[in-house]
Amino acid sequence: RTPLTVVGGFIETMLDMPDIDPTTREQHLQLMHEQTGRMQRLVEDLLALSRLENGQQMKEDEVNIPNMMQILRTEAEGLSQGRHTISLEGVAPLRLIGNHDELHSAFGNLVSNAIRYTPQGGAIRLIWEERNGQPVFAVRDTGIGVAPEHIPRLTERFYRVDRGRSRSTGGTGLGLAIVKHVLQRHQARLEVQSRLGEGSEFAVFFPAERALH
């Protein structure tokens with residue numbers, strides 16, 4: 001409700017004060033634009049989560065993960081706007097049986113979270129490799145980290161470790177809930193390792209039988 005409350009408040013102010021000065025009007029319009037964008041992202045995430053929870057049969061194909069890694073890096077660089085070092089590490093020549101769009105959404109959420117919670121000047125590494133015979137996609141960052149007591153609840157809807165920071169960086173609180181449902185549909189699991197002030201690794205482990213060498 002918060003974005004709508006903010007937008008509604010500014011509209012009411014502008015209606016009550018038709019002669020408001022141009023600078024204030026511009027500031028109000030900019031904030032309204034930001035809040036409507038936030039609401040749009042929230043609605044899109046809710047719709048995505050609803051589709052996943054409905055349990056519709058998943059269309060599976062051969063997914064070119066090495067190619068997706070290049071796309072994810074390009075997207076990450078656009079989101080970072082030069083504030084971080086983005087790199088690919090150990091991109092294995094493995095493809096995966098799965099749903100391309102769902103996997104892209106899940107991986108993209110993990111990447112955007114890393115950027116959101118890594119201070120300027122930090123590093124983010126995108127990894128695609130085999131660990132003990134299992135395909136693993138991982139995002140490793142030098143961000144603010146997550147305290148151990150929060151890790152088990154990270155994939156809950158709207159659960160936020162830092163509400164103020166999540167709100168200010170454009171988070172909806174649904175990204176990791178979407179990740180959880182996508183991984184469930186691919187029989188995959190998410191493992192989180194994190195140290196406060198040092199960074200985190202979010203790693204997705206897929207069943208070995210989903211790999212195509």
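The values are calculated or read from the model by the stated rules, or taken from the named source; none is laboratory data. Predicted, not measured: the structure shown is a model, and the values here were computed from it. Heads up, the Cβs are rebuilt from the backbone with ideal geometry, glycines too, and the neighbour counts pull from every protein chain shown.
Go through the stretch 133-158 and give me each residue that's at pLDDT below 85, outside any helix (DSSP H, G or I) and within 28 Å of M68 (Cα to Cα). Selection gives L154, T155, E156, R157, F158.
Within the option set L103, L126, L110, L42, being within 15 Å of the chain's Cα centre (by Cα) and at pLDDT 95 or above holds for one residue only, L126. Scanning the stretch 86-118 for residues that are farther than 17 Å from N64 by Cβ, part of a strand (DSSP E or B) and out of contact with any Asp or Glu (no Cβ under 6 Å at 6 or more places or on another chain) returns S87, E89. Among the residues of the stretch 176-201, those that are free of Cβ contacts under 8 Å to residues at least 24 places away in the same chain and not in a helix (DSSP H, G or I) comprise Q187, A188, R189, E191, Q193.
Tell me whether the stretch 72-88 contains one or more residues that are within 21 Å of N132 (Cβ to Cβ), surrounded by 16 or more Cβ atoms within 10 Å (Cβ to Cβ) and not small (G, A, S). There is no residue in the stretch 72-88 that is within 21 Å of N132 (Cβ to Cβ), surrounded by 16 or more Cβ atoms within 10 Å (Cβ to Cβ) and not small (G, A, S).
Look at the stretch 117-141: where a residue is surrounded by 22 or more Cβ atoms within 10 Å (Cβ to Cβ) and a partner is assigned to a strand (DSSP E or B) and polar (S, T, N, Q), sitting 6+ places away or on another chain with Cβ atoms under 6 Å, you get D141/S200. Taken together, the criteria exclude E34 from residues that are among the acidic types (D, E), modelled with pLDDT of 80 or more and under 30 Å from I124 (Cα atoms).
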